[in-house]
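Shown next, in C-alpha cells, is the structure this report addresses.
No lab work stands behind these numbers, since they all come straight from the coordinates. Model, not experiment: these values are computed from the prediction. Cβ placement follows ideal geometry from the backbone for every residue including glycine, while neighbour counts extend to all protein chains displayed.
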Amino acid sequence: MKLVTYRPSAAGPQLGVVVDEHVVNLNLASGGALPNDMRAFLELGEAGMELARSVATAANVEAYGAPLSDVKLLAPISNPSKIVAIGLNYMDHVRESGGAPPSIATMFTKFPSSIIGPGDEICWDPSLTSKVDFEAELAFVVGKKARNVSEEDAYDYIVGYMNCHDVSARDLQLEVGDQWVMGKSLDTFCPLGPYLVTADEVPDPHNLSIRCLVNGEALQDSSTKELVFGIPYLVAYLSRGFTLLPGDVVTTGTPHGVGVFRKPPVFLKDGDVVTVEVEGLGQLTNSCVEVSAT
C-alpha cells in the first residue's frame, strides 16, 4: 500500500491510501475505526494495517476518495518521537569523501520540527548558512516498539519506506565546531514523502536506485547496494541503545554526488528545485527559498 497524509480543500490533515490515482480516506471508509494521524494509526499495529488493507480493497472510491491531483500531500508522518539519521553509509560516498569506511554506524538526529512534505519550500536564512547541500536518502519507518532486536528479526519491526531529503547546512555542520544537529535540523530541512510505502511492496530495500535531481539534472545517481551498514544491522544496533517506537523514522545515509565534495562545490540556492526519488517510492520535490531574518 501507499499510505499518505493529505489535506483536502477546507479540511485538516487526513490519513489515506492511494487506490487507482485516488486517495481513499481511511477514517471515513473504516467508519471511524482508523484515525486521521499516521503515528496513531501505526500504534494500532498489525490490526490497524489489516483493516487498512481491507478498506483499500473494498472501498467505494467515489464515496470516500478524491483524485490525487485534487489534494495536497503532506509529509506521511509529521510527529515521530524521533528521527535517527545515519551518516557516511554508502561506499561511493565514503570514496568521494576521501575517508575510510566507518567501523560502526555514524549516527545523528534531526528534529521532528524540520519535517516538511512534498511541494513545501526548503527555507533558510542566508545570514545563518550559505552552504546548503542536498542528500537523497532511503528512510524506513518503525512499525512497532523495538528494543534489543536481533538482525534476524529486524524486518518484523519495519512497516515501510519513504523518500527523505537530508538537507544539510555544511558550514554549520562542519565549520563551526562540528555542529551536526544544528546543520541538519533547521526548520524545513527534512522533506519526507510523498508516500509511506508498506514493506510488502519493497521486497529488497538493498537493491533500489536512488537519485537526487537539482533543476532536472541528476547530481546523485546510485543504488542502495552501496550501503555500508544494511537495514537489519541498523535496527539491531539502534534498538540495542534505545527504544524505537511506532512512527520513528530512520534515514539510512546518502550516496556519492553531494555538493560539498564536488569540484567546485555545488550548493543549493534560491529558486532551485530538488527532487529525491528512490525506486518504487515516488518522487519528492521541493523548491528552495532564501528567507532573510527580519
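Computed from Cα atoms, the angle from the helix 46-58 axis to the main principal axis of the chain rounds to 70 degrees. Which residues does a label at Ile104 reach in the stretch 220-236, if reach means a backbone N under 14 Å from a point 7 Å past the Cα toward the Cβ? Counting only backbone N, you get 234, 236. One decimal place: the segment Gln179-Asp125 gains 17.7 nm when fully extended, by the rule 0.36 nm per residue minus the C-alpha distance. Each residue of the stretch 61-78 was assigned a 3J(HN,Hα) from its phi angle through the Karplus expression (A = 6.51, B = -1.76, C = 1.60, θ = phi - 60°), giving 4, 5, 7, 10, x, 8, x, 3, 5, 9, 10, 9, 6, 10, 4, x, 10, 10 Hz with x at Gly and Pro.
As a length-normalised measure over Cα pairs under 8 Å and 6 or more apart, the relative contact order of the stretch 1-69 settles at 32 percent.
Annotation: amide H-H contacts under 5 Å for Ser223 (H modelled 1.01 Å from N, sequence separation of 5 or more, or interchain): Ile210. Look at where the Cα atoms of the stretch 249-281 and of the stretch 81-126 average out, and the two centres are 10 Å apart.
Once you keep just the Cα pairs under 8 angstrom separated by 6 or more residues, what percentage relative contact order results for the stretch 1-128? Intermediate results must be reported in sequence, preceding the final value.
Numbers: 178 pairs, mean separation 29.9, N = 128.
Value for the stretch 1-128: 23 percent.
Contact order, relative form, for the chain: 24 percent (alpha carbon pairs under 8 Å, 6 or more residues apart, mean separation divided by residue count).
May I ask what percent, to the nearest 5, of DSSP beta bridges between residues of the chain are antiparallel? Of those bridges, close to 85 percent are antiparallel. Cross-link check: pairs Lys110/Lys263; Lys110/Lys144; Lys184/Lys263 evaluated at a Cα-Cα cut-off of 26 Å; pairs beyond the cut-off: Lys110/Lys263.
Packing-wise, with mean Cβ within 10 Å as the measure, how do 102-109, 65-72, 247-254, 206-213 rank, highest first? Each step should come with its number before you reach the end.
Numbers: 102-109: 13.4, 65-72: 15.4, 247-254: 25.8, 206-213: 18.1.
Listed from highest to lowest mean packing, they are 247-254, 206-213, 65-72, 102-109.
With 0.36 nm allotted per residue and the present C-alpha distance subtracted, the Val291-Asp187 stretch has 36.3 nm of extension available.
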